[in-house]
Ligand SMILES: Nc1nc2c(ncn2[C@@H]2O[C@H](COP(=O)(O)OP(=O)(O)OP(=O)(O)O)[C@@H](O)[C@H]2O)c(=O)[nH]1
Ligand SMILES: [Mg+2]
């Protein structure tokens, strides 16, 4: 394996396919443990080759169940799959319980599957950082496909489009009202809509409704969202769901869009990391507190205070 001899031990272990080392590094990342940094840095050159599929949607629509079926489908195609379930620390989901539930269906000896859930301890910004880092670890471990489950209703500050190469939004037939309120936002993030629980009444109408909406909306960067109906009990439509995802991945490869999208994601990530650091420095800035006094006294408004401090610290060149 190229160049592994000079890697830190933990990174070497991940490249060798050592699952315990991989799990330990993800735990370190989840806990914000800076000891993981050398391994992350060393493994970064081995990332960038996996298909990263975001599976998002409201609570309980069947995201984990769909992922469970996708794993079986993808293993049948001979692809290796890692799943990262980013759970909100909400009492509904029970954190790793769902991850465990998925795992129950798997042959534990199948080395082509790795499932991990990540609790959103700490602050929301930390989840986005930990999610990106964990996805990179899974990529460096050599998985062909990384499925990332997030709850898509604002509980977790993970913008799935900033992590995934293809974003799937899972909905259910009875989410009519929710679709109405979410629809602008949903079309911003969805490359593929999965109308799950299509065994329930109303699925056809929901599918048609979304198809109409997708048809009237402007295609984002030349791609019009696809809509696929699925159910997981019994499994139905999973092959078509994967076909729609694969079609989007193929679309990215045609005409250089994959690298454009990667550039957009990485620029946003780096800018965000810089912003975090600048924000920390500003919080410690003595000039800030003088301004806060004036804002409290209502002799200055927050926006003007921000402009003043910004102009002082970042004078125009
Ligand atoms: N009728 C029906 N029920 C389903 C289907 N898929 C999942 N369910 C049920 O829906 C419930 C929620 O499924 P999950 O897969 O845990 O949903 P989820 O979106 O991952 O849930 P959270 O992670 O808590 O947001 C479970 O009781 C499933 O058995 C389906 O296709 N049809
Ligand atoms: Mg789930």
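Brief remarks on what is shown
- Diffusion coefficient (Stokes-Einstein, Kirkwood radius over C-alpha pairs, 4 °C, 1.567 mPa s) for the range 266-313: 111 µm²/s, rounded to a whole number.
- Residues 195, 278, 163, sorted so that the one with the fewest Cβ neighbours within 10 Å comes first: 278, 163, 195
- Paramagnetic label zone (point 7 Å from Cα along Cα-to-C-beta, residue 188; backbone N under 17 Å) in the range 219-263: 219-221, 225
- Fewest-first sequence of 189, 270 by Cβ atoms within 10 Å of each Cβ: 270, 189
- Sites residue 199 and residue 239, calculated FRET efficiency, Cβ-Cβ separation with R0 22 Å, nearest 0.05: 0.85
- Counting every other Cβ atom within 10 Å of each residue's Cβ, 188, 243, 207 order from fewest to most as 188, 243, 207.
- Look at where the Cα atoms of the range 236-293 and of the range 1-79 average out, and the two centres are 18 Å apart.
- Inter-label distance for residue 314 and residue 31, nm, one decimal - labels placed 7 Å from Cα along Cα-to-Cβ: 3.5 nm
The numbers here are math on the coordinates, done by the rules we state, and not lab data. In this text, all values refer to a predicted model and were calculated from it rather than measured experimentally. Note: ideal-geometry Cβ built from the backbone for every residue, glycine included; neighbour counts use all protein chains shown.
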